[in-house]
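Single-structure report; data block below.
The values are calculated or read from the model by the stated rules, or taken from the named source; none is laboratory data. Predicted, not measured: the structure shown is a model, and the values here were computed from it. All Cβ positions, even for glycine, are placed from backbone atoms using ideal geometry, and neighbour counts span all protein chains on display. Just so you know, the surface numbers come from the protein's heavy atoms only, side chains and all, with ligands and any DNA or RNA stripped out. Shrake-Rupley method; radii C 1.70, N 1.55, O 1.52, S 1.80 Å.
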Amino acid sequence: MTAKIIHISDGFEEAVEAARVVLAKGLPVAIPTETVYGLAADATDPLAVGRIYETKGRPQFNPLICHMCDLGMAERYAHFDPISRHLAETFWPGPLTLILPLKADSGIHALATAGLDTVGLRVPKGFAASLIRAFGRPLAAPSANTSGRISPTHAQHVAEDLGEKLELIIDGDAAPVGVESTIVRVEDETIRLLRPGGISAEELEAATGRTIVRPASPSATIEAPGMLASHYAPTAPVRLDTREVRPGEALISFAGEPVSGEDRAAVILDLSPAGDLREAAANLFDYLKKADAATEVGIAVVPIPAHGLGEAINDRLSRAAAPRT
């Protein structure tokens with residue numbers, strides 16, 4: 001089986017209906033979101049959720065984000081505290097995931113939550129929200145790639161990785177944000193950052209007037225997706241914060257900063273020649289894939305500023321460079 005690819009520009013409603021039909025069969029569909037491409041399936045159907053894990057080769061102790069069409073739908077599945085509700089009203093639809101207590105009769109299957117009594121909820125923009133509204137049930141939708149590998153920001157990335165395992169891929173062009181959603185959990189009026197992402201901690205603090213609490217050290221407990229130490233990994237080894245390129249390495253640079261040994265690089269890819277962190281985030285996974293295709297020696301990455309979306313970029317790079325498990 002080779003996946004059929006439908007571009008939303010050829011008919012938005014037709015693409016929604018084609019995806020809805022495949023979802024109704026209990027099969028996953030690759031869909032565009034503003035963050036990355038997702039592998040979506042009915043979050044209430046254990047067989048459909050199981051096919052997500054099977055297709056990705058994803059460990060079943062790693063929970064999935066469940067996507068809703070709007071806040072009203074999300075309220076049917078989870079309990080919202082006042083701060084979480086304010087965050088939802090401020091940033092939804094958009095790249096923010098809230099970890100919330102599940103309602104007892106939610107209908108979201110335990111396989112999607114990895115058996116936890118909480119669930120990660122997000123309201124995406126555009127095509128994904130329209131599909132959820134048409135389908136009428138929440139969609140579990142991790143990134144549409146083999147587990148642990150680089151997340152896809154183009155439909156072609158999905159086709160090259162999972163195309164033989166899927167019936168349908170919806171093409172919505174490049175994902176504009178380029179990194180996954182920010183994940184937070186509110187406990188006792190404290191906002192904990194579980195995963196940096198498409199909304200910066202500074203934006204969250206400005207919206208709430210509260211300091212965002214980051215973990216003092218990596219947690220052994222998986223509370224949310226994207227918390228595995230090794231994740232988003234290319235095949236070639238990754239070196240971070242380097243100012244020198246070794247012979248045959250691919251170089252990922254930023255803001256046109258000169259690097260010693262550039263003439264020895266297999267390829268040079270600048271995340272943002274202008275030093276724009278939003279542009280860098282949008283290019284990150286695509287450039288990691290291109291660098292990985294250009295060399296088996298390794299990928300050298302220059303230092304990336306840690307403020308704003310730089311926090312999410314550095315998080316993904318650190319997991320890409322982590323020892324493989």
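Please state, rounded to one decimal and in Å, the Kirkwood hydrodynamic radius that the chain gives when every pair of distinct Cα atoms enters the mean of 1/r.
It is 19.9 Å.
Can you tell me, using C-alpha contacts under 8 Å and at least 6 residues apart, the relative contact order of the chain as a whole percent? Intermediate results must be reported in sequence, preceding the final value.
Working: 768 pairs, mean separation 63.9, N = 325.
Normalised by residue count, the contact order of the chain is 20 percent.
How do 285, 80 rank by accessible surface area computed with a 1.4 Å probe, from largest to smallest? Provide the component values of the computation, followed by the final result.
Details: 285 0, 80 35 Å².
Descending accessible area places them as 80, 285.
Using the Karplus equation 6.51 cos²θ - 1.76 cosθ + 1.60 (θ = phi - 60°), what ³J(HN,Hα) coupling, rounded to whole Hz, does each residue of segment 93-99 give in order, writing x for Gly and Pro?
Whole-Hz 3J(HN,Hα) from phi for segment 93-99: x, x, x, 10, 10, 10, 8.
What ranking, highest mean first, results for peptides 136-142, 268-274 when packing means the other Cβ atoms within 10 Å averaged over each residue?
Working: 136-142: 24.3, 268-274: 17.3.
Result, highest mean first: 136-142, 268-274.
I need the phi-derived Karplus couplings for segment 106-113: 6.51 cos²θ - 1.76 cosθ + 1.60, θ = phi - 60°, integer Hz, Gly and Pro marked x.
5, x, 5, 6, 4, 5, 6, 9
I need the peptides 53-59, 119-125 ranked by packing, meaning the mean over residues of other C-beta atoms within 10 angstrom, with the highest value on top.
Those peptides, ordered most packed to least, come out 119-125, 53-59.
Picking from 109, 154, 67, which is most flexible by a Gaussian network model of the chain using Cα springs under 10 Å?
109
Using the per-residue mean of other Cβ atoms lying within 10 Å as a proxy for protection, in what order, highest first, do the peptides 257-264, 186-193, 234-241, 276-283 fall?
Sorting 257-264, 186-193, 234-241, 276-283 by mean packing, highest first, produces 276-283, 234-241, 186-193, 257-264.
Name the shape class, rounded, prolate or oblate, that the alpha-carbon gyration tensor gives for segment 61-152, where a ≥ b ≥ c are the square roots of its eigenvalues, rounded holds for a/c under 1.5, and otherwise prolate holds if a/b is larger than b/c and oblate otherwise.
Rounded shape, in that the Cα axes give a/c under 1.5.
Quick one: how many lysine pairs in the chain have C-alpha atoms under 28 angstrom apart, if they're 8 or more apart or on different chains?
For the chain, qualifying lysine pairs total 21.
What accessible area per residue, rounded to a whole number of Å², is obtained for segment 49-117 using a probe radius of 1.4 Å? Write down the numbers at each step before the final one.
Details: 2750 Å² over 69 residues.
Per-residue value: 40 Å².
Anyone know which of 16, 213, 158 comes out most mobile in the 10 Å Cα GNM of the chain?
Result: 213 has the largest fluctuation of those listed.
With every protein chain left in place and a probe of 1.4 Å, what is the accessible surface of residue 318, to the nearest 10 Å²?
60
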